[in-house]
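Right, one structure below, let's go through it.
The values are calculated or read from the model by the stated rules, or taken from the named source; none is laboratory data. For clarity, every value in this text was computed on a predicted model and none was experimentally measured. Cβ placement follows ideal geometry from the backbone for every residue including glycine, while neighbour counts extend to all protein chains displayed.
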Amino acid sequence: MRVFLAIFLGALLVFIGVQIFNLHRQTVDYDQKASVLEAEVTSLSAENDQYQGDLRYYENDENLGKEALKYNRKKPGEQLYILVPPKAN
């Protein structure tokens, strides 16, 4: 009877040890994933700040006009002239 009890308690200890090891391994994995996600949140937050700055810039009509001129756009009522440099001989 004592042998059976010793075997049972030994098996129970092994089972509990394996469960604790698996739980620790999962905790380490989740910590690593959390670190990666925190870095991604930081990166996306910086990107969002950049987009917010761009949005504030483009909300100003004067800035929007400057940007439109870069792409040969014109304001309503304006005429667009394209100046071509003379050919070099």
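Kindly establish whether residue 68 is surrounded by 10 or more Cβ atoms within 10 Å (Cβ to Cβ), at pLDDT 90 or above and not acidic (Asp, Glu). So residue 68 does not fit the description; no.
Yes or no: residue 8 out of contact with any His (no Cβ under 6 Å at 6 or more places or on another chain) and surrounded by 10 or more Cβ atoms within 10 Å (Cβ to Cβ)? Give the steps one after another, and end with the answer.
On the way: out of contact with any His (no Cβ under 6 Å at 6 or more places or on another chain): yes; surrounded by 10 or more Cβ atoms within 10 Å (Cβ to Cβ): yes.
Considered against the rule, which asks whether it is out of contact with any His (no Cβ under 6 Å at 6 or more places or on another chain) and surrounded by 10 or more Cβ atoms within 10 Å (Cβ to Cβ), residue 8 comes out as yes.
The sole residue among 48, 22 that is over 18 Å from the mean Cα position of the chain (by Cα), surrounded by 10 or more Cβ atoms within 10 Å (Cβ to Cβ) and polar (S, T, N, Q) is 22.
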